[in-house]
1. With respect to residue 233, is the statement that it is in contact (Cβ under 8 Å) with a residue 24 or more places away in the chain and closer than 23 Å to residue 108 by Cβ true?
2. For segment 75-90, name all the residues that are out of contact with any Ser or Thr (no Cβ under 9 Å at 6 or more places or on another chain) and part of a helix (DSSP H, G or I).
3. Just to be sure, is residue 62 closer than 19 Å to residue 18 by Cα and loosely packed, with under 15 Cβ neighbours inside 10 Å?
4. Scan segment 125-147 for residues that are assigned to a helix (DSSP H, G or I) and either farther than 28 Å from residue 97 by Cα or at pLDDT below 90 (or both) and report the count.
5. Would it be correct to say that residue 152 is free of Cβ contacts under 8 Å to residues at least 40 places away in the same chain and either touching a Leu at 6+ places or on another chain (Cβ under 9 Å) or over 29 Å from residue 11 (Cβ atoms) (or both)?
6. Quick check on residue 182: is it surrounded by 19 or more Cβ atoms within 10 Å (Cβ to Cβ) and either of a type in the set (A, V, I, L, M, F, W, C) or under 26 Å from residue 65 (Cβ atoms) (or both)?
7. Given the conditions (1) without any contact (Cβ under 8 Å) to a residue 12 or more places away in the chain; (2) farther than 27 Å from residue 33 by Cβ, which single one is not true for residue 96?
8. So which residues in segment 95-124 are at pLDDT 90 or above, in a helix (DSSP H, G or I) and closer than 23 Å to residue 270 by Cβ, if there are any at all?
Amino acid sequence: MNSSIGWLEAAFLGLIQGLTEFLPVSSSAHLRIIGPLLPSGTDPGAAFTAIVQIGTELAVLLYFRKDIVRIASAWLKALFNPALRKDPDVRLGWLVILGSFPIAILGLVFQNAIETYLRNLYITASMLIIFGLILGVADRYATQQRSLDQMSWRDGIFFGFAQAMALIPGVSRSGGTITAGLLMGYTREAAARYSFLLAIPAVLASGFFQLYKSWGVSGPVSAGATALAAGVAFFVGYGVIVVFLRIVSSKGYWPFVVYRIFLGVLVLALLWLGYISPGI
């Protein structure tokens, strides 16, 4: 069994990343589960996962470029003109910044745990099931009436801590923030769009930090193969954004709830039967 992941396997992992990053099913869980099942039998690691996510986040920047430019422009203008500070786009800009602090701080504090024992597949499978059930309850019973221009500072902090839960594989960054949004009464579309915007600073910062930290250091995936995976994730991820926003506006999140529970139960069954190893 090889100890490193080849180009074809890396491209496949990039495909999986692109397909799952924006869905509330946890892309990190999928990479953690699928990696050891490939011919190389290797966990690609937390660094590879973070770096490849740069690709999908570039897809977010492209798709939401008009929203991002509008929000950033309003935020910058308000720094020099107090009369503009009541603009909803200015508040949204500050809320994205505020909401990025929890995942940044907790990511640094618990960095060792995130890269080691929190990648245990028993934890991953359990998180898939538990947070899938929570998402299902939120989607079924939440009022879903509020829009993003109604977001308060309290809501922004709650969104931030919900996103930070995604440091544990299986929770899902989009799943955590979307669930939080539904529980606070936001519409499905509003919760989904904000989850994309909130992820930009955190994902890019994490990805480039891991890129810097792993520069020149040999790992399970070569630099070229990692770049290929990020490229594949970018193109696939862009298409997924388009389809995903259409699905949630008409069908809700129940297909993803069912999928999360099925995948979690399947992984637990494979672990109990000894077909796969829990890892660290």
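1. no
2. Once the filter is applied, which keeps residues that are out of contact with any Ser or Thr (no Cβ under 9 Å at 6 or more places or on another chain) and part of a helix (DSSP H, G or I), segment 75-90 yields 75, 76, 77, 78, 79, 80, 82, 83, 84, 88, 90.
3. So residue 62 passes the test.
4. 9
5. On the way: free of Cβ contacts under 8 Å to residues at least 40 places away in the same chain: yes; either touching a Leu at 6+ places or on another chain (Cβ under 9 Å) or over 29 Å from residue 11 (Cβ atoms) (or both): yes.
In short, yes.
6. yes
7. Of (1) without any contact (Cβ under 8 Å) to a residue 12 or more places away in the chain; (2) farther than 27 Å from residue 33 by Cβ, only one is false for residue 96: (1).
8. Within segment 95-124, 121, 122, 123, 124 meet the criteria.
The values are calculated or read from the model by the stated rules, or taken from the named source; none is laboratory data. All figures in this text were calculated on a predicted structure; none of them were measured in a lab. A quick note on method: Cβ atoms are made from the backbone with ideal geometry, for glycine too, and the neighbour counts reach across all protein chains shown.
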